[in-house]
């Protein structure tokens, strides 16, 4: 922490200054060589009780008294400062931050979730169910304490600031979800993240229609409007209730999995590259069915033919029961 570091630096400077004054004083007053002056300074400052190298003159005694009193005062200040941080818990908080920063430093391709509100909570539940690595950015101290108690990796700070996103590992992140309650803050996060990592896929929440285009221009790959989606979902329950209920069942997560999975063709064994969906034979190997195909141009094919080639940069959307999805993940 900055305050702790500043106090440590201040103490280190004061200790160095006292030692330097003592060495120069003994070299000047007693005509000691450098080694003897260092020796006398150290035994005086540490008050170990060893005798002087030769009898002191009145001036040398006064200087030694000054050096002893100064070192005792400095030692008391150092103990007081350390005790303050120990009792207040700030020292342990400092080490906790260091540990978290070290953990985040090892992450590659993770997701940063800005804000732990309703949308942020839902996002990390989904990410957790798919065993995706993520870091939560939150500035509310009470929420941060809760995240710590749940062993959820987090950074306390303002997500709109560069330094906070850098601490969260934005340079190595593959995705960023900003679910802050304010559209203006989400816009700042999108602008900051898109500048720090141009390859990061950014998904932003928006409350107002007018914010949609601004967030897209700022660099958001996807903009989600929860209120609009909620209203559309409710209307669909009137017009096509059975279809919506079926789709809801597909996307409901269990403790470890769901009914839908996405497979990147690039992650498949090389023998399947430029082969067909039929050659992949997912139905026999896992029981899952390919229901969608996305080519490198991001065009989707629903219920693709079995002779479609698995070219690099494409993706498969697979449907299966939870146990079949688990088998699929183990296989690929």
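Assorted remarks:
- Residue in segment 200-212 that is more than 25 Å from residue 132 (Cα to Cα), touching a helix residue (DSSP H, G or I) at 6+ places or on another chain (Cβ under 8 Å) and either outside the structural domain of residue 120 (by TED's automatic domain parsing) or crowded, with 16+ Cβ neighbours inside 10 Å (or both) present: yes
- Among (1) in contact with a strand residue (DSSP E or B) (Cβ under 7 Å, 6 or more places away or on another chain); (2) in the same structural domain as residue 111 (by TED's automatic domain parsing); (3) modelled with pLDDT of 90 or more, the one test that residue 197 misses: (1)
- Flag if residue 180 is more than 18 Å from the chain's Cα centre (by Cα) and surrounded by 12 or more Cβ atoms within 10 Å (Cβ to Cβ): no
- Looking across segment 158-178, the residues that are part of a helix (DSSP H, G or I) and under 13 Å from residue 136 (Cα atoms) come down to 164, 165, 166, 167, 170.
- Candidate set: segment 179-194, residues that are out of contact with any helix residue (DSSP H, G or I) (no Cβ under 8 Å at 6 or more places or on another chain) and not in a loop (DSSP other than H, G, I, E, B); chosen: the one farthest from residue 169 (Cα to Cα): 184
- When residues in segment 32-57 are screened for being modelled with pLDDT of 85 or more and exposed (fewer than 12 other Cβ atoms within 10 Å of the Cβ), 3 of them pass.
- Any hit, segment 250-257, residues being modelled with pLDDT of 85 or more and touching a helix residue (DSSP H, G or I) at 6+ places or on another chain (Cβ under 8 Å): no
- The listed residue being modelled with pLDDT under 80, part of a helix (DSSP H, G or I) and either more than 15 Å from the chain's Cα centre (by Cα) or not assigned by TED's automatic domain parsing to the domain that holds residue 16 (or both), out of 147, 86, 127: 86
The values are calculated or read from the model by the stated rules, or taken from the named source; none is laboratory data. All values derive from a computational prediction rather than experimental measurement. Quick reminder, even Gly has a Cβ in these numbers, built from the backbone with ideal geometry, and neighbours come from all protein chains shown.
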